[in-house]
Amino acid sequence: MTPSRRRGAARQHALAESRTWLVAFLQQSLGPEVGEVRARDLLQQAEAWESIPVVYALAAHVQSRPQALTSPSPQAPLALLRLLRVLDAAEYGAQITHLGCAVCGRTDVLLRVNSAAGRCCPTCAARGRLKECSRCGRIQRIVTRDAVCRRCYLADTDRWETCAYCGRSRPVHTRRGDGSVLCERCAPRPERACVHCGRVSK
């Protein structure tokens, strides 16, 4: 066996061990009625079965924190937060505790952003990016590396380019594959379903 194949075999063996450990962890945490197939299905729904780094990270976390389902760490991996939501939807809500945003405490959204204070909701994560604009001096969300807010960025004619459709010099909204740009008025609008009637429209 070549060295690369040996390394591949070793990774697959370690992955299988981590999966086995996670299945056992769920069975122990949720009760004996949760069989191996059911535990595997829950992990797959949480996207914590196929990806080697994700499986490793989740297995390492719950090994170091056996009460992860009922007392999740503010620095918990995203896979654990997805698993908690999957378990809640699968009627295991009484056996888990959702992690709250480290800033506002909300638990109704997936906390994708990991800050120094802990997992944050999208709203608090965006607020954490508010800084003083180098142009207008207001506290705004910064959109450029030179600390310029969106309002000042859009007003800066030096950043404008000629729209490939209407020919006007406008702020860039969309850059196409060939390098040409479209302004906001000319850029195609995505189709979305109406929340009331369900019809798809732009």
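A few remarks follow.
- The set of residues in region 72-124 being surrounded by fewer than 15 Cβ atoms within 10 Å (Cβ to Cβ) and among the acidic types (D, E) consists of E91, D108.
- Residue check for R159: surrounded by fewer than 17 Cβ atoms within 10 Å (Cβ to Cβ) and either touching a Phe, Trp or Tyr at 6+ places or on another chain (Cβ under 8 Å) or of a type in the set (S, T, N, Q) (or both): yes
- Pairs, first without any contact (Cβ under 8 Å) to a residue 40 or more places away in the chain in region 132-149, second assigned to a loop (DSSP other than H, G, I, E, B) and exposed (fewer than 13 other Cβ atoms within 10 Å of the Cβ), C-beta under 6 Å, six or more apart: R141/R129
- Condition check for A164: more than 30 Å from S115 (Cα to Cα), out of contact with any Asp or Glu (no Cβ under 9 Å at 6 or more places or on another chain) and surrounded by 13 or more Cβ atoms within 10 Å (Cβ to Cβ): no
- Within region 37-60, not a single residue is exposed (fewer than 11 other Cβ atoms within 10 Å of the Cβ), more than 21 Å from L110 (Cβ to Cβ) and more than 27 Å from the chain's Cα centre (by Cα).
- So G179, is it out of contact with any strand residue (DSSP E or B) (no Cβ under 9 Å at 6 or more places or on another chain), among the small types (G, A, S) and at pLDDT below 90: yes
- When R11 is tested against the conditions (1) within 19 Å of L110 (Cβ to Cβ); (2) surrounded by fewer than 18 Cβ atoms within 10 Å (Cβ to Cβ); (3) charged (D, E, K, R), the lone failure is (1).
- Just one of the listed residues (R185, R192, R145, R170) is loosely packed, with under 12 Cβ neighbours inside 10 Å, of a type outside the set (A, V, I, L, M) and at pLDDT 90 or above, namely R185.
- Test result for L22, touching a residue at least 24 places away in the same chain (Cβ under 8 Å) and assigned to a helix (DSSP H, G or I): yes
- Residue check for R185: out of contact with any strand residue (DSSP E or B) (no Cβ under 9 Å at 6 or more places or on another chain) and either assigned by TED's automatic domain parsing to the domain that holds Q67 or over 25 Å from V62 (Cβ atoms) (or both): no
The values are calculated or read from the model by the stated rules, or taken from the named source; none is laboratory data. Given the structure is predicted, the values throughout are model-derived calculations rather than measurements. Cβ coordinates were reconstructed from backbone atoms using ideal geometry, including for glycine residues, and neighbour counts include every protein chain displayed.
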